[in-house]
Amino acid sequence: MNFTSLDLTIFVGYCLLIILMGYFVSREKKGHVKNSNDYFLASKALPWWAVGASLIASNISAEQFIGMSGSGYALGLAISTYEWMAAATLIIVAIFFLPIYLKEGISTMPQFLLKRYDSRVRTTMAIFWLLVYVFVNLTSVLYLGALSLNTILGVPLGYGIAGLAVFAMLYSIYGGLKAVAWTDVIQVFFLVAGGLATTYLALNIVGDGDVWGGFMALIKQAPSHFKMIIFEGEMMIPDGAGGERDAYLDLPGLSVLIGGMWVVNLNYWGFNQYITQRALAAKSLNEAQKGMVFAGFLKLLMPLIVVIPGIAAYVIVREGFDTSFIQSMTDPEVGIIKSDRAYPTLLQLLPTGLKGLAFAALTAAIVSSLASMANSTSTIFTLDIYKSFFDTKASEKKQVRVGRITAVAAFFLAALVAPALRQLDQAFQYIQEYTGFVSPGVFAIFIFGFFWKKTTSNAALTAAALTIPLSTLFKFMVPGLPFIDRMGVVFLIISVVIIGVSLYEGKGKDHPNGIEITPDLFTTSTKFKIGAILIAGILAALYTVFW
């Protein structure tokens, strides 16, 4: 990509704006020392629009811009089910999960497990989350971000990984969640504006100057890429090694609507520290719920930004519109077209000015997620590991210092591992599959902890111990089972185990730490209800049109 002085000015201006704002919002009043509530929960002062913007900025990252565009290239619109079902999931979480968290007054997910079960369950799951955040989430986002820098600007992978890690640390380590959340409001603007610019360009190319004509051309020239439900044997996609495999293994038919996809979504949006932390930092339950509805509407928009460009790249390559485009899509080391190179290749075609904006959008998506993941990693380690086992009387100042050191360490470890992901064709699917080794157990532990007072601590501990072994067993013993279905099956097995252990151990009695649920706990405002109904109606229309 040839950056003009205008592009460079826009991009550098964006970088400076984010760093300066991060420091500006993090400054404390004279005489006030930043405490753990300030650092880890943004002083519990976020309004709904900041909650919603931060949720999306934390969620949308290189795994969407690069990874989901790559999956759009390979699988088509069907990959949008992750985004559209997330909109429905946000409504469920806002109504049924958030009130319980706020009622219990918790700051971290492991802290909830301590209150509902015991320290063994809390510590086990805290370690699981730390491993997933560092070695799956942070690692994959760093890799995909560096891949985009390599494809667009020719920056060596190692330098790209280091540069992104340093940028994210510059504005997030000092200020904590307050810096991350408030800069996310700006990040979302760049993310949406720059993303739409890339979509406009992609459709313009396919439509020969007519954007709407380009969209209709995509539907006409790649009809298989506009089906939301994919059945077995219906579609073959690249396997990343020059061969093909069944797309059904990634998106197994109706399971994306009524099966394991709910485990993926409810676990991610309901029990994921770097997501729920935003809602826990809201001014009130009502503000948190409105923020989640706002995030739901933004999720409906995301496929237009991250999936449609991937489908456009597929048509451009298949129809041979541009030989240089095809060349850029080809991995120079292995000599085959890589799906995940679709979005960075499109960015190279943007006109002057829009290149800087789009590149800023991509960088915004990457660094905002990196900052969120690192902040949540430091939150869990500091509050649930360090303070519990190493220094139970740690001062507020020391907790903040440990949090900062932990975030730096997390970035360092992830940067070391990130280059190993180079062999993947669709990194988005890698993220979904390997977080899915833990998801069934986490989902079962929380959902039974919320709504079944008989669930015992030993039952939850058994679930935590079984989730990775069971997932691994099914992966290697039943290789033809799609990983989404595998998550659903493992969840059902673990649920049976939880019920059996709880009934045997508790003799049918309620656990003393069981949560008292009353109907008034789930009362929502009129504005929330209207927003939720609108989202449900839009989703019904989208699935009807693209079934």
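The values are calculated or read from the model by the stated rules, or taken from the named source; none is laboratory data. Source: prediction; values computed, not measured. Every residue, glycine as well, gets a Cβ built from its backbone with ideal geometry; the counts of neighbours run over all protein chains shown.
In segment 441-453 there is no residue that is in contact with a Pro (Cβ under 9 Å, 6 or more places away or on another chain), over 30 Å from Glu232 (Cα atoms) and at pLDDT 90 or above. Of all residues in segment 216-243, those that are farther than 22 Å from Trp84 by Cα and modelled with pLDDT under 75 have Cβ atoms under 6 Å from Cβ atoms of residues that are among the acidic types (Asp, Glu) and surrounded by 18 or more Cβ atoms within 10 Å (Cβ to Cβ), 6 or more apart or on another chain, in Pro238/Asp425; Gly240/Asp425. Against the condition in contact with a helix residue (DSSP H, G or I) (Cβ under 9 Å, 6 or more places away or on another chain) and crowded, with 23+ Cβ neighbours inside 10 Å, how does Val317 come out, does it pass? Considered against the rule, which asks whether it is in contact with a helix residue (DSSP H, G or I) (Cβ under 9 Å, 6 or more places away or on another chain) and crowded, with 23+ Cβ neighbours inside 10 Å, Val317 comes out as no. Residue by residue through segment 251-281, note down the ones that are assigned to a loop (DSSP other than H, G, I, E, B), hydrophobic (A, V, I, L, M, F, W, C) and free of Cβ contacts under 8 Å to residues at least 40 places away in the same chain. The answer is Leu254, and nothing else.
Under the condition of being small (Gly, Ala, Ser) and outside any helix (DSSP H, G or I), which residue from segment 201-231 is surrounded by the fewest Cβ atoms within 10 Å (Cβ to Cβ)? Talk me through it step by step, then tell me what you get.
We begin by selecting, within segment 201-231, every residue small (Gly, Ala, Ser); these are 202, 207, 209, 213-214, 217, 222, 224.
Next, only the ones that are outside any helix (DSSP H, G or I) stay: 207, 209, 222.
On the way: Gly207: 17, Gly209: 8, Ala222: 18.
Here the residue is Gly209.
Just checking: which of the helices (runs of 4 or more DSSP H) contained wholly in segment 93-144 hold 2 or more residues that are in contact (Cβ under 8 Å) with a residue 60 or more places away in the chain, closer than 19 Å to Ser439 by Cα and not hydrophobic (A, V, I, L, M, F, W, C)? Full working, then the answer.
Values: elements: 98-104, 109-116, 119-132.
Once the helices (runs of 4 or more DSSP H) in segment 93-144 are filtered for at least 2 residues that are in contact (Cβ under 8 Å) with a residue 60 or more places away in the chain, closer than 19 Å to Ser439 by Cα and not hydrophobic (A, V, I, L, M, F, W, C), what remains is 109-116, 119-132.
Please verify whether Ile484 is modelled with pLDDT under 90, in a loop (DSSP other than H, G, I, E, B) and hydrophobic (A, V, I, L, M, F, W, C), treating the condition exactly as stated. Answer is no for this residue. Note on segment 513-533: residues that are over 24 Å from Lys115 (Cα atoms) and in contact (Cβ under 8 Å) with a residue 60 or more places away in the chain total 6.
Every listed requirement among (1) under 20 Å from the mean Cα position of the chain (by Cα); (2) surrounded by fewer than 23 Cβ atoms within 10 Å (Cβ to Cβ); (3) at pLDDT below 85 is met by Leu413 save one, (3).
Filter segment 282-331 for residues that are among the aromatic types (Phe, Trp, Tyr) and without any contact (Cβ under 8 Å) to a residue 12 or more places away in the chain and give the result. Don't jump to the end; show me each part of the working.
Residues of segment 282-331 among the aromatic types (Phe, Trp, Tyr): 294, 297, 314, 321, 325.
Within segment 282-331, none qualify.
Scanning segment 451-487 for residues that are under 23 Å from the mean Cα position of the chain (by Cα) and crowded, with 19+ Cβ neighbours inside 10 Å turns up Ala464, Thr467, Ser471, Pro482, Phe483, Ile484, Asp485, Arg486, Met487. Residues in segment 488-522 that are surrounded by 13 or more Cβ atoms within 10 Å (Cβ to Cβ), among the β-branched types (Val, Ile, Thr) and not in a helix (DSSP H, G or I): Ile515, Ile517.
Which of the residues spanning segment 282-306 are crowded, with 24+ Cβ neighbours inside 10 Å and not in a helix (DSSP H, G or I)? The answer is Ala282, and nothing else.
Working carefully through the options Phe448, Phe437, find the one that is of a type in the set (Phe, Trp, Tyr), crowded, with 21+ Cβ neighbours inside 10 Å and outside any helix (DSSP H, G or I).
On the way: Phe448 fails: outside any helix (DSSP H, G or I).
Going through Phe448, Phe437 in turn, just one is of a type in the set (Phe, Trp, Tyr), crowded, with 21+ Cβ neighbours inside 10 Å and outside any helix (DSSP H, G or I): Phe437.
What number of residues within segment 201-211 are under 15 Å from Ile305 (Cα atoms) and free of Cβ contacts under 8 Å to residues at least 60 places away in the same chain?
Quick first cut of segment 201-211, residues under 15 Å from Ile305 (Cα atoms) only: 201-204, 211.
Remaining after also requiring free of Cβ contacts under 8 Å to residues at least 60 places away in the same chain: 204, 211.
The qualifying residues number 2.
For the structure I just gave you, tell me whether Asp340 is among the acidic types (Asp, Glu) and within 30 Å of Val211 (Cα to Cα). The answer is yes for Asp340. Can you spot a residue in segment 344-358 that is over 23 Å from the mean Cα position of the chain (by Cα), surrounded by fewer than 24 Cβ atoms within 10 Å (Cβ to Cβ), among the basic types (Lys, Arg) and not in a loop (DSSP other than H, G, I, E, B)? No; the residues of segment 344-358 include none that is over 23 Å from the mean Cα position of the chain (by Cα), surrounded by fewer than 24 Cβ atoms within 10 Å (Cβ to Cβ), among the basic types (Lys, Arg) and not in a loop (DSSP other than H, G, I, E, B).
Among the residues of segment 473-480, is any touching a Ser or Thr at 6+ places or on another chain (Cβ under 7 Å) and either assigned to a loop (DSSP other than H, G, I, E, B) or of a type in the set (Asp, Glu) (or both)?
So in segment 473-480, the residues touching a Ser or Thr at 6+ places or on another chain (Cβ under 7 Å) come out as none.
Within segment 473-480 (the criterion being touching a Ser or Thr at 6+ places or on another chain (Cβ under 7 Å) and either assigned to a loop (DSSP other than H, G, I, E, B) or of a type in the set (Asp, Glu) (or both)), the answer is no, since none of the residues qualifies.
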